[in-house]
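J.: Please see the structure below; I have some questions.
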Amino acid sequence: MVSELNELRMQLQQIDEQLIRLLAQRQRISRQIGRVKHALHLDIEQTHVWKQQQQQRRYLATELNVDQSL
């Protein structure tokens, strides 16, 4: 059981590292989006786009049984 626990902890650590890398990538892309919006003289905050993205992400989270408190 101890080896199983250690294996599970190692898997979580690997997932956490992947999440951090993905967040860093997302941050870089978000900055690029900000630069493009600035060049196009668009508002930084586009509520209709944000609402659509949130709806899609909530749907996916529900489909994958992700706890909504996250």
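J.: Within region 13-70, work out how many residues are of a type in the set (Val, Ile, Thr) and touching a helix residue (DSSP H, G or I) at 6+ places or on another chain (Cβ under 9 Å).
T.: So the answer is 2.
J.: Still on this structure: Across region 50-70, what is the total count of residues that are assigned to a loop (DSSP other than H, G, I, E, B) and either out of contact with any Leu (no Cβ under 9 Å at 6 or more places or on another chain) or closer than 21 Å to residue 30 by Cα (or both)?
T.: 6
J.: Out of (1) part of a helix (DSSP H, G or I); (2) open to solvent by less than 100 Å² (accessible area, probe 1.4 Å); (3) modelled with pLDDT under 95, what's the single condition that is false for residue 19?
T.: (3)
J.: Checking the structure you have, find out if any residue of region 39-48 is out of contact with any strand residue (DSSP E or B) (no Cβ under 8 Å at 6 or more places or on another chain), open to solvent by less than 90 Å² (accessible area, probe 1.4 Å), at pLDDT 95 or above and not hydroxyl-bearing (Ser, Thr, Tyr).
T.: Within region 39-48, one or more residues are out of contact with any strand residue (DSSP E or B) (no Cβ under 8 Å at 6 or more places or on another chain), open to solvent by less than 90 Å² (accessible area, probe 1.4 Å), at pLDDT 95 or above and not hydroxyl-bearing (Ser, Thr, Tyr).
The values are calculated or read from the model by the stated rules, or taken from the named source; none is laboratory data. In this text, all values refer to a predicted model and were calculated from it rather than measured experimentally. Quick reminder, even Gly has a Cβ in these numbers, built from the backbone with ideal geometry, and neighbours come from all protein chains shown. To get the accessible areas, we keep the full protein, side chains included, count just its heavy atoms, and leave off ligands, DNA and RNA. Shrake-Rupley method; radii C 1.70, N 1.55, O 1.52, S 1.80 Å.
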